Amino acid sequence: PLAGDDFSTPLFDPELVSYYLQHSGMVNLQTKRGCPYRCSYCSYPHLEGKHFRIRNPRMVVDELERLKQEHGVERVFFTDSVFNDPHGEYLKLVEEMLSRDLGMQWSAFFRPQGLGREELALMKRAGLYALELGTDAAADRTLLGLDKRLCFAEILEVNRACLEERLPAAHFVMFGGPDEDDASLTEGLQNIAQLDISVVFAFSGIRIHPGAPLHQRAIEEGIISAETSLLKPVYYFSPLLDRERMEQTIEESFAGHKNRIFPPSEGMIRMAVMRGFGFRGLMWDRLVRFPKIAQ
Ligand code: SF4
C-alpha cells in the first residue's frame, strides 16, 4: 500500500466541490488511511489496511488552504477511520492548522478514549466545532462483544470533557450486536442517560461485512451460511434477545428527548426538515443546547 506521503492530492473538481457544498455544506478530506483497531463488525481495516498511514500535516493544510481560497470552502469533515490516533500524531496536524490560521471549521470521527480537555481545547482553537464519536455499544459486555477495547467509563469521561469544552458530541450506538441480551440492553440505556445533552443515534442490528470478524461469528452462530451473499445488506441480531421488544424498549427510553434518535428513519425525517429550512453541515450539532454561562 501507498505510504501516507505518497497519496495523490485530491483533484477538487469545481463541479464536485460545488455539489458537495450545495448539498452538505462541507467537503470531506482524509488525513490518514487504515485502522489498527479490530472492531468486529468493521470493514475499514480490510479496505484500508491494518495500520495508520498518516499524511504529512503540511500537505493536508495546503489542501485545506486550496479548498478555502479556490473554492470558498469554510467547513470540512475529516473522514479518517479515527482522527485521534493513540500516538497523538493528529496533534501535529492540529498545530499546523493553528500556525496557518486557516479560519476554517471542521469535524471528524473520533474514538471515545484518551481524549481530554487539553486536546479538545487545542482542537477547538484550530476550528473543531463538533465530534462524531465511534461509541458503537453502550454496555461493557457489548463493547467487549464488538472487540472495541474500551469501556463505558472511558466513553463517559470523553463525553464529560466535550461538554466541559462546550463542544457538541454525537454518539453512534448499535443495539442487538454480539452478546446483547436483556440485561445489557437495560444497562446500555441507563448508560446512555448519563450522556446528558450529547446526541445519541441508535441503530438496531449490525450490517455484516465480508472480511470482518463478525462475518465468521454470524456463520458459526447459524445466522447466515458461508454462501450467503452480502451484496445486499444482511444484519446481525443477537440471538439472546427479541428484536421487536428491544426496539420498542429503545423507543420508549428515547421518547420525549430531542437529542436521542431512534429509529434511524426518525433522524432522516428531521434532517430533511432542517435541509428544507436551508440548514447545511452536520445539523445534529444544533440539537445540543449548552447551559448559559453565568455573567
Ligand atoms: S470501528 Fe473505527 S476504530 Fe474500529 S476498526 Fe473500524 S474504523 Fe477502526
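The values are calculated or read from the model by the stated rules, or taken from the named source; none is laboratory data. The structure presented is a predicted model; accordingly, all values stated were derived computationally and were not measured. Quick reminder, even Gly has a Cβ in these numbers, built from the backbone with ideal geometry, and neighbours come from all protein chains shown. The accessibility values were calculated without ligands, DNA or RNA, using every heavy atom of the protein model including side chains. Shrake-Rupley method; radii C 1.70, N 1.55, O 1.52, S 1.80 Å.
Miscellaneous remarks
- Whichever residue in the range 222-242 is within 24 Å of the chain's Cα centre (by Cα) and assigned to a loop (DSSP other than H, G, I, E, B) and, among such residues, is surrounded by the most Cβ atoms within 10 Å (Cβ to Cβ): S238
- In the range 10-52, the residues that are among the aromatic types (F, W, Y) and within 11 Å of the ligand (Cβ to nearest atom): Y37, Y41, Y44, F52
- Residue list for the range 131-147, restricted to those being assigned to a helix (DSSP H, G or I) and within 16 Å of the chain's Cα centre (by Cα): L143
- Of all the numbered requirements in (1) within 16 Å of the ligand (Cβ to nearest atom); (2) more than 22 Å from H215 (Cβ to Cβ), D6 misses one, and that requirement is (1).
- Taken over the range 3-58, the criterion of being assigned to a helix (DSSP H, G or I), more than 22 Å from E95 (Cβ to Cβ) and open to solvent by less than 40 Å² (accessible area, probe 1.4 Å) is satisfied by V17, S24, P45, E48.
- Segments classed as helices (runs of 4 or more DSSP H), wholly inside the range 148-221, with at least 1 members that are of a type in the set (V, I, T) and in contact (Cβ under 8 Å) with a residue 40 or more places away in the chain: 152-164, 182-193
- Matching residues in the range 59-81 - criterion: being within 16 Å of the ligand (Cβ to nearest atom), part of a loop (DSSP other than H, G, I, E, B) and buried (at least 19 other Cβ atoms within 10 Å of the Cβ): D80, S81
- Taking the criterion of being surrounded by fewer than 17 Cβ atoms within 10 Å (Cβ to Cβ) and either touching a Lys or Arg at 6+ places or on another chain (Cβ under 8 Å) or closer than 21 Å to A212 by Cβ (or both), the residues of the range 145-163 that qualify are D147, R149.
- Residue match in the range 100-116 (condition: closer than 23 Å to L143 by Cβ, away from the ligand (no atom under 16 Å from the Cβ) and out of contact with any His (no Cβ under 6 Å at 6 or more places or on another chain)): yes
- Any pair with Cβ under 9 angstrom, 6 or more apart, that starts in the range 99-118 at a residue that is within 12 Å of L64 (Cβ to Cβ) and at pLDDT below 95 and ends at one that is more than 16 Å from the ligand (Cβ to nearest atom) and open to solvent by 70 Å² or more (accessible area, probe 1.4 Å): G103/E74
- Of everything in the range 109-130 that is charged (D, E, K, R) and farther than 17 Å from D285 by Cβ, the residue that is least open to solvent (accessible area, probe 1.4 Å) is R111.
- Failed condition for P213, given (1) open to solvent by less than 10 Å² (accessible area, probe 1.4 Å); (2) closer than 24 Å to L231 by Cα: (1)
- Residues that are charged (D, E, K, R), within 23 Å of the chain's Cα centre (by Cα) and over 14 Å from Y20 (Cα atoms) within the range 64-81 comprise just one, D80.
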